[in-house]
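Enquirer: Okay, handing you the structure first.
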Ligand code: BGC
């Protein structure tokens, strides 16, 4: 067996998000978020689960940082709940919200773990939603104001800032497919949301530069490398539309300052005016970032289907392995994706800000959690990431999703992504799964056996 070793300054981490782990949904002055509202409406979430308590991280963060220290994490990626800081989304600041993140960051720094903060991981203040949410251009302005507050309060302690997590999911899953908060099914609304979210990203990058903070700012985009089912011209068309919809609609404005033309033409034919955009918006959106964050879980394999608006249909090969989310395990897709980003989009550092898998974990008789499938999933993706580095990609770090089992959005607590098991019924006990021990070992060695 050969060993693979990562570059010396490679950063190993794990990631979480506020609504998925914190709980304390109405404590210490926090305002209501769209996810509070959405989960409190019956029928939206499996088992009608909510994030009211989640992993109770708001009260247990010290214990959780201890666990991160035990794993040897270089960095921890978490998100800040906007309605904890500004209960109404704008205006009056809730000091207790700021204090919570300050304590968390202090604790991390004491443990020698670098904090990496995401400003928006989907928990929009409900008050802003009442005013149109991300469909309203003013929300971008309020986001920028909120970002400035955080830079001012924590800018000297947090070296890496991520404006948004997955604008594609925010816009499409929440506003076109209706599976996430706020739960709309409206194509034009979704396109407007996508644009305003990207605009707010650019505005917050500008404010970051103006703040003079000595740190880095970037964005996290979810990407899945797309493969055509055959070499046919039709399947190539399917691949191009799928890629434009999933990936390029978000990558191109941020890194190239334009929207993909063919998809824009299609939208213009369908809607006449697909969404409102002002002159100069793309310039703002494409302001230079310091790094690109990507979330990778699986690939897309597509074939041509004339009956679909975007002419593509996804295929699930029978002989592949699938996770509990029914997502195909396809590590090669990570290597191919990273190489493509390097060739077509950026030479800046790339961070894999999320990668991981859900499986139906059980506590074994020995009291441990032997999540062999997740161990294999992670090993294969570590190798795939390493392969990309070998081929010249500027990959700077890797965060496993997720540090702990948590509220998996529409699936509630039914899906477990953690490398730490949460025993929700047994006083929220934390148990390191075998995958956590794998990560600890990989971090110690800065590599693994191939
Ligand atoms: C999100 C996470 C989510 C994970 C697994 C990503 O889309 O950023 O919040 O839990 O994927 O679905």
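The values are calculated or read from the model by the stated rules, or taken from the named source; none is laboratory data. Keep in mind that what you see is a predicted model, and the values were worked out from it rather than measured. In this analysis, Cβ positions are derived from the backbone assuming ideal geometry, glycine residues included, and neighbour counts consider all displayed protein chains.
Enquirer: Of the numbered conditions (1) in contact (Cβ under 8 Å) with a residue 60 or more places away in the chain; (2) within 16 Å of the ligand (Cβ to nearest atom), residue 22 satisfies every one except a single condition; which is it?
Expert: Single failed check for residue 22: (1).
Enquirer: Further question on the same structure: Scan the range 47-59 and give yes if some residue there is on the phi > 0 side of the Ramachandran plot and within 19 Å of the chain's Cα centre (by Cα), otherwise no.
Expert: yes
Enquirer: Another question, if that's okay. Filter the range 400-415 down to the residues that are more than 11 Å from the ligand (Cβ to nearest atom) and closer than 16 Å to residue 354 by Cα and list them by number.
Expert: Correct list: 400, 403, 404.
Enquirer: Return yes when residue 124 is over 27 Å from residue 401 (Cα atoms), surrounded by 22 or more Cβ atoms within 10 Å (Cβ to Cβ) and at pLDDT 95 or above and no when it is not.
Expert: No; evaluated as a whole, the condition is false for this residue.
Enquirer: A follow-up question, please. Please state which one of 46, 105 is more than 21 Å from residue 200 (Cβ to Cβ) and within 16 Å of the ligand (Cβ to nearest atom).
Expert: 46
Enquirer: Here is a list of conditions, (1) within 16 Å of the ligand (Cβ to nearest atom); (2) more than 21 Å from residue 156 (Cα to Cα); (3) buried (at least 22 other Cβ atoms within 10 Å of the Cβ), and residue 77 meets all of them except one; can you say which number that is?
Expert: Just one mismatch for residue 77, condition (2).
Enquirer: Tell me, which strands (runs of 3 or more DSSP E) lie completely within the range 1-102 with 1 or more residues that are modelled with pLDDT under 95?
Expert: 3-5
Enquirer: Among the residues of the range 80-117, count how many are in contact (Cβ under 8 Å) with a residue 60 or more places away in the chain, farther than 18 Å from residue 17 by Cα and in contact with a strand residue (DSSP E or B) (Cβ under 7 Å, 6 or more places away or on another chain).
Expert: So the count comes out to 0.
Enquirer: Would you say residue 339 is modelled with pLDDT of 95 or more, farther than 24 Å from residue 71 by Cα and more than 16 Å from the ligand (Cβ to nearest atom)?
Expert: Details: modelled with pLDDT of 95 or more: yes; farther than 24 Å from residue 71 by Cα: yes; more than 16 Å from the ligand (Cβ to nearest atom): yes.
Judged against the criteria, residue 339 is a match.
Enquirer: So, in the range 245-274, of the ones that are without any contact (Cβ under 8 Å) to a residue 12 or more places away in the chain and over 25 Å from residue 295 (Cβ atoms), which residue ends up nearest to the chain's Cα centre (by Cα)?
Expert: Per the stated criteria, the residue is 261.
Enquirer: Moving on to the next point. What number of residues within the range 352-389 satisfy the criterion of being away from the ligand (no atom under 16 Å from the Cβ), part of a strand (DSSP E or B) and in contact with a helix residue (DSSP H, G or I) (Cβ under 6 Å, 6 or more places away or on another chain)?
Expert: So the count comes out to 0.
Enquirer: Using the structure shown, decide if residue 280 is at positive phi and either modelled with pLDDT of 95 or more or in contact with a helix residue (DSSP H, G or I) (Cβ under 9 Å, 6 or more places away or on another chain) (or both).
Expert: Answer is yes for this residue.
Enquirer: Could you tell me which of the residues 418, 392, 397 is more than 16 Å from the ligand (Cβ to nearest atom) and crowded, with 22+ Cβ neighbours inside 10 Å?
Expert: Numbers: 418 fails: more than 16 Å from the ligand (Cβ to nearest atom); 392 fails: crowded, with 22+ Cβ neighbours inside 10 Å.
Residue meeting the stated conditions: 397.
Enquirer: Condition first: in a loop (DSSP other than H, G, I, E, B) and either within 16 Å of the ligand (Cβ to nearest atom) or over 17 Å from residue 71 (Cβ atoms) (or both). Now tell me which residues in the range 108-127 satisfy that.
Expert: 121, 122, 123, 124
Enquirer: Okay, next question. Would you be able to say whether some residue in the range 436-446 is within 16 Å of the ligand (Cβ to nearest atom) and part of a helix (DSSP H, G or I)?
Expert: Quick first cut of the range 436-446, residues within 16 Å of the ligand (Cβ to nearest atom) only: none.
No; the residues of the range 436-446 include none that is within 16 Å of the ligand (Cβ to nearest atom) and part of a helix (DSSP H, G or I).
Enquirer: While we're looking at this one, here's another question. How many residues does the range 283-328 hold that are assigned to a loop (DSSP other than H, G, I, E, B) and away from the ligand (no atom under 14 Å from the Cβ)?
Expert: Of the residues in that region, 20 qualify.
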